[in-house]
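Input: a single structure, listed below in structure tokens.
What follows is calculated from the coordinates using simple rules that are stated; it is not laboratory data. Note that this is a predicted model, so its numbers are computed, not measured. Reconstructed Cβ throughout: ideal geometry from the backbone, glycine too, with neighbour counts over all protein chains shown.
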Amino acid sequence: MIKKLFLIIKNNLLLSLLIGVLIGLLSSWVLYEGLHRTSDDRFCIVCHEMKPMVAAYHNDVHGGNGKVGIKVSCVACHLPHDNVFAYIATKARNGVVEGAIHFFGNPDAIDWQAPIVLIGRIL
């Protein structure tokens, strides 16, 4: 069975390469679209329980409320940009954690100011 498959691929090498390229391009496009559509603030705030932070973001220069009106997406600061694998891994991990908190946790019990205080101590 496997020998037949390899023989078919060998005899139709050009067709096999074309199919492989098409599958690769389709996979890349799906990955790109998925990352792009889940990387703006409208997606991020759908299930985040951070309403005060979202309001502050929209009233801040980061949310486009500055003199020039430039808006920065959440992922610009909250995800690594050193390589695509770290970006995707961090995005996936954050999504799973946020989803678990949203559906199974108690978001009202989160002290949202604690990370800010911690950062202030480090600086």
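The lysines whose alpha-carbon is closer than 16 Å to the alpha-carbon of Lys67, local same-chain residues fewer than 8 away aside, do not include any residue. Mean residue ellipticity, 222 nm, helices only, the chain: the sum of -39500 (n - 2.57) across DSSP H runs of n ≥ 4, divided by residue count and rounded to 500, is -20000 deg cm²/dmol.
Considering only Ser16, Phe85, Ser39, the residue lying farthest towards the positive end of the dipole of the chain is Ser16, judged by Cα position with unit charges set on Cβ. Placing unit charges on each Cβ (+1 for Lys and Arg, -1 for Asp and Glu) gives the chain a dipole about its Cα centre, and among Leu26, Val96, His62 the Cα reaching farthest toward its positive end belongs to Leu26.
In percent, rounded to a whole number, the relative contact order of the chain is 17, using alpha-carbon pairs under 8 Å and six or more apart. Its Cα centre serving as origin, the chain has a Cβ charge dipole (Lys and Arg +1, Asp and Glu -1) of approximately 640 debye.
[x] 8.0; [y] 13.1; [z] 6.9: which one is mean projected area of the Cα convex hull in nm² as calculated from this entry? Correct label is [y].
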